[in-house]
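Peer 1: I'd like to ask some things about the structure below.
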Amino acid sequence: AQQQFTLRFNHVHNPSEPNAKGFVNWAKRVEERTKGGLKMQVFHSAQLGVEEDIIEQIRQGAAIGQNTDAARLGNYVKELAVVNGPYFIETKEDAFKLGNLESIKKWQDELATKHGIKVVCSDWVQGKRNFFTNKPVRKPEDLASLRIRTPPAPIWQESIRALGASPTAMSFGDIYPGLQQQAVDGAELVYPNITASNLNEVLKYANETGHITLVNFEVVSAQWFNKLPEEYQTALVEECKAAGQAASAAMEEAAKADKEKLIKAGMTIVSDVDLAAFKAAGEKAYEKLNLTEARKQVYKELGR
Amino acid sequence: MTNMLIVALLFFVLMAIGMPVAFAIGIAGVVFFVQNPDLPFTIPAQVTISQTQNFALLAVPLFILAGNFMNRSGITERLLDLASVLTGRLKGGLAQVSILLSALMGGVSGSAIADAAMQSRVLGEEMTRRGMSPGFTAGVLSFGSILTPIIPPGIGMILYGTIGQVSIGRLFAAGFIPALMLGLGLSFAVWLTAKKRNYPPQRTTRPSLAEYGSAFRGGIWALLFPVFLLAGLRMGIFTPSEIGAFAVVYALFIGILVYRKMNAKGFVHALEISLGDVGAVMFLISLSAIFSYGIVFERIPEVISEGITSITDDVSLVMVLIVILVIIAGCFIDATVLIIMMTPIFLPLVRSLGGDPVHFGIVFIVAATIGNFTPPVGAAMYTVCSILKVRVGTYTRESVPLMIAIAIVSLLLIFVPKAVLFLPNLLFG
Amino acid sequence: MKTVYGLLTRTEAILAATLLLLMTALIFVGGLARMMHTPLNWTVELATCCFAWACFLCADIAWRNNMLMSIDALVERLPKPARRGMLYLNYAIIACFLCYLVYSGGWLAWISRARSFQGISGVSYSWVTASLPVGAALLLATTLLKVRDALRQDGILRPSRERA
Ligand code: NA
Ligand code: NA
């Protein structure tokens, strides 16, 4: 009889988001391809626990997976955080190439052997993050003294500071009331976040800075992964890439549709942003975090 | 599934042998991991710690602290003077005040448990001293805090709106009428009980205008407490998760500088009481995470959700079933956590059957909170009972009228969606 | 022995109270600073770290003062010997559970040293994790003292001289 494996996969997204549907699709493909030998149960809305906790469970060998980002993996292998830097990746096609680059492979190997975290694939692109505010932002100076809600990771905080704003840590649930009561002046998110949380009720401008292209990494326990039969390993990785690339395309479409929705709801889109000025400002983040060398290496391999 | 049945059974056995609920829930929860040796044995420790890293739960110790400081600040006496002037001739007047205070505090406190704890400290002793039975006092203080999460801003509504992609503005507007209905329902139950038991009024004569004036002047800082807290929120100084800190500082400010009643001894005493209160409540909330892990891991909510649709697809009946399940789950899980866990499971179900997400949100948040008050277990109930030293059995017996009132209003809320949706539709079209 | 334990409980109470007040102050100052347009992001992080330690220290204080809620309705109907038996059974199970928390919490703090606290490099999350094994060890000491007191009440142990 064939050996049975079950992977429980946790992510923070709402079940109706394209990413969440993508994970269910990935699970279905894997189960079909391994004829039920490798089952994947998807837990949406972080039901299984806090992302950082799950990553620790993964490191201890639990048969659990997690959708995460480069900023968090950067806590273990510093160089990986570069993927989360301002204007690091501009298109989803470039993001799909990341997994094949020598440097990235080396860092991911270090992550697996030293820290027990296996990256299955990094082909899940959530889209470009923009600044959402109540006054138009066209150049970095326009962000001066604006308190922008930012995820609490240091790479994130440094990136937003470099672009000219005051990063303000705040839990996701506090964003809406925080904006309504002007405890913060804006947020930096992707379009679908705005419609999902109805933040357009408290925000007027979408400033298309596209300052970070958020690439998600799917991780599992290296110890567990190594125990899988080889064909299961291949199935898990290949289907991760296929499902991820399809979900990334769906995310891009969703962002477009959500942008239309927001225009109809009365949000003003600022598209004449001085991108060159923002890119120049973003340089400071790489210097501050000592990631200039890592970026140079990846760009060389990408041919950029 | 059978694994979790064993866990649930063990939980009840441990409680039956008199084990503190916090330990019983943690120990029963660990047994799930014993049955799943593939899971790292450190997960129970990890999830217990994670509870204390949840920023929303920080409001619990902050409001406990604020309550104990208020108690020593002189606010209580003045509030009670005012209460006695206003409701002294009503039977069970102070109980009515507690419900009114819940409504006032509801606008600033996010957590029903914290609210119940604070009111037990502020009003509990006084209520029993004035002749109300301890069991009924505990019931009123505990059930009254049901108003807390549905009067904006409530952390529960913010979480539900964020997770379920529902307009938070609409949810906020939707809370007012149900809060009024629940408040009136409870108030009526209190009046009826007080009448039946012939709780004596505190005074027989009508207060003079001068008495009204001095009571209001004395109590103005207490009355302004929720107003200042709301102003702190409105002016954007604090977010809903932070407002408890402002409450503590305000209580200290009033006690030390305005009423000049709090001295070093009073300050230390209030702190000492708070340590025990915080420990009792937070230890239970922390350890309950061990239990919840198994529930999620075995996908029990999903199994339940499928079970529900196999019984009926009438949206109102589905809501009734969900409410019953949520109240049962609320026995073990804090309302905040329950909302985080269950919104993504039940909201899509209700949506697919044509239910309104704002309507369901209010019904769901009320139900999630009810679980905290009802026997056999519930965090707000334990908090109030342990502070007032009342047995759960006594509490249960004496809370029956209040439970009936809440059950009737809850059913009204389910079957008359207009009551919930009238205000948001008026404000947002 | 007695004075050492007395000193420990005193220190525990002072520490827990300080943490609660510090937590309040941090959140308060954080709100004010954000209002003045100079957000201090470390206040929230430090506050949650204080929160973890305060919780478990307070849990011990609550346990020592018998403030943890239980349902005694069934047990109280038992005859006295059975009731005492249940009490010892409770203490035994609780002590085992606390030993497990000390061990698993301590082990977790050790193996997850690399996990950073709120993503701040150089600050390990183990500083937060350690609050549980330390708190559980204190709770264990309290439990053992409860057992000793119970044994003295039952005349199995000789009452201490101080109390006599
Ligand atoms: Na509220
Ligand atoms: Na309950």
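Read-outs: derived from the displayed coordinates by stated rules, not from any lab. These numbers come from a predicted model, not from an experiment. Cβ coordinates were reconstructed from backbone atoms using ideal geometry, including for glycine residues, and neighbour counts include every protein chain displayed.
Peer 1: How large is the convex hull of the Cα atoms of the protein assembly as shown per residue, expressed in Å³ as a whole number?
Peer 2: Details: hull volume 158.6 nm³, N = 897.
Here the figure is 177 Å³ per residue.
Peer 1: What is the Cα radius of gyration of segment B:56-428 over 2.2 N^0.38 Å, N being its residue count?
Peer 2: Working it through for segment B:56-428, the quotient is 0.97.
Peer 1: So, one more: Treating segment C:74-164 as a set of equal point scatterers at the Cα positions, no solvent, please give the Debye-formula log₁₀ I(q)/I(0) at q = 0.15, 0.24 Å⁻¹.
Peer 2: For segment C:74-164 at q = 0.15, 0.24 Å⁻¹, log10 I(q)/I(0) is -0.71, -1.10.
Peer 1: If you don't mind, there's one more thing I want to ask. Among B:Ala138, B:Ala264, B:Ala174, determine the one that fluctuates most according to a GNM of chain B built with springs between C-alpha atoms less than 10 Å apart.
Peer 2: In this elastic network of chain B, the residue with the biggest mean-square fluctuation among B:Ala138, B:Ala264, B:Ala174 is B:Ala264.
Peer 1: Helix A:292-302 against the longest principal axis of chain A: what's the angle in degrees, Cα atoms only, rounded to the nearest 10?
Peer 2: It works out to around 60 degrees.
Peer 1: Please list, or write none, the aspartates and glutamates whose alpha carbon is within less than 13 Å of the alpha carbon of A:Lys256, excluding same-chain residues fewer than 8 places away.
Peer 2: A:Glu208
Peer 1: To the nearest 0.05, what FRET efficiency results for B:Ile408 and A:Ser16 with a Förster distance of 45 Å applied to their C-beta separation?
Peer 2: 0.85
Peer 1: Would you be so kind as to identify which of B:Ala329, B:Ile285, C:Thr143 lies farthest towards the positive end of the dipole of the protein assembly as shown, taking Lys and Arg as +1 and Asp and Glu as -1 on Cβ and the Cα centre as origin?
Peer 2: Sorting the options by dipole projection puts first C:Thr143.
Peer 1: May I pose another question? Quick one: the Cα spread of chain A along its three principal axes, in angstroms, biggest first?
Peer 2: 64, 40, 31
Peer 1: I would also like to ask the following. Excluding residues on the same chain fewer than 8 positions from C:Lys146, give the lysines whose Cα lies under 28 Å from its Cα.
Peer 2: C:Lys146 reaches B:Lys389, C:Lys2, C:Lys80.
Peer 1: Taking 0.36 nm per residue of sequence separation and subtracting the Cα-Cα distance, how much length would be gained by fully extending the chain between C:Ala141 and C:Arg113, in nm to one decimal?
Peer 2: 7.4 nm
Peer 1: Percent relative contact order of segment B:56-428, based on C-alpha pairs within less than 8 angstrom and at least six residues apart? Please list the in-between numbers first.
Peer 2: Numbers: 584 pairs, mean separation 108.9, N = 373.
Dividing the mean separation by the residue count of segment B:56-428 yields 29 percent.
Peer 1: C:Leu15 to C:Arg148: extension gain in nm, 0.36 nm per residue of separation minus the Cα-Cα distance? The partial results should precede the final answer.
Peer 2: Values: separation 133, 0.36 × 133 = 47.88 nm, distance 2.61 nm.
Extra length available between C:Leu15 and C:Arg148 comes to 45.3 nm.
Peer 1: For the Cα atoms of chain C, what angle does the longest principal axis make with the long axis of helix C:2-35, in degrees from 0 to 90, nearest 10?
Peer 2: Rounded to the nearest ten degrees, it is 30.
Peer 1: Output wanted: per-residue J couplings in Hz (rounded whole) for segment A:16-33, from phi through Karplus 6.51 cos²θ - 1.76 cosθ + 1.60, θ = phi - 60°, x for Gly and Pro.
Peer 2: Here the 3J(HN,Hα) series is 8, 6, x, 4, 5, 5, x, 5, 5, 4, 4, 4, 5, 4, 5, 5, 5, 5 Hz.
Peer 1: Cross-link candidates for A:Lys35: which aspartates and glutamates have Cα within less than 12 Å, leaving aside residues fewer than 8 places away along the same chain?
Peer 2: A:Lys35 reaches A:Glu231.
Peer 1: In nm, to one decimal, how far is the B:Arg217 label point from the C:Trp42 one, both placed 7 Å along Cα→Cβ?
Peer 2: 4.9 nm
Peer 1: Based on the Cβ-Cβ distance of B:Lys265 and C:Asn66, what FRET efficiency does E = 1/(1 + (r/R0)^6) give at R0 = 35 Å, to the nearest 0.05? The partial results should precede the final answer.
Peer 2: Details: r = 24 Å, r/R0 = 0.69.
The value I calculate is 0.90.
Peer 1: Could I ask something else about it? Whats the longest run of chain C with zero trypsin sites (Lys or Arg not before Pro) that are DSSP loop and have at most 10 other Cβ atoms within 10 Å?
Peer 2: Result for the longest clean stretch: C:1-160.
Peer 1: Also: In segment A:203-225, whose amide N lies under 19 Å from the spot 7 Å out along Cα-to-Cβ of A:Thr268? List them in ranges.
Peer 2: Correct set: A:203-210.
Peer 1: With charges set only on the Cβ (+1 for Lys and Arg, -1 for Asp and Glu), what does the dipole of the protein assembly as shown come to about its Cα centre, in debye to the nearest 20?
Peer 2: Roughly 2720 debye for the protein assembly as shown.
Peer 1: Please identify the DSSP H helices in chain B that span no less than 30 Å along the helix axis (Cα) and have a mean Kyte-Doolittle hydropathy of -0.5 or more.
Peer 2: In chain B, the long hydrophobic H runs are B:168-197, B:209-234, B:264-297.
Peer 1: Relative to the longest principal axis of chain C, what angle (0 to 90°, nearest 10) does the C-alpha long axis of helix C:131-153 take?
Peer 2: Here the helix axis deviates by roughly 20 degrees.
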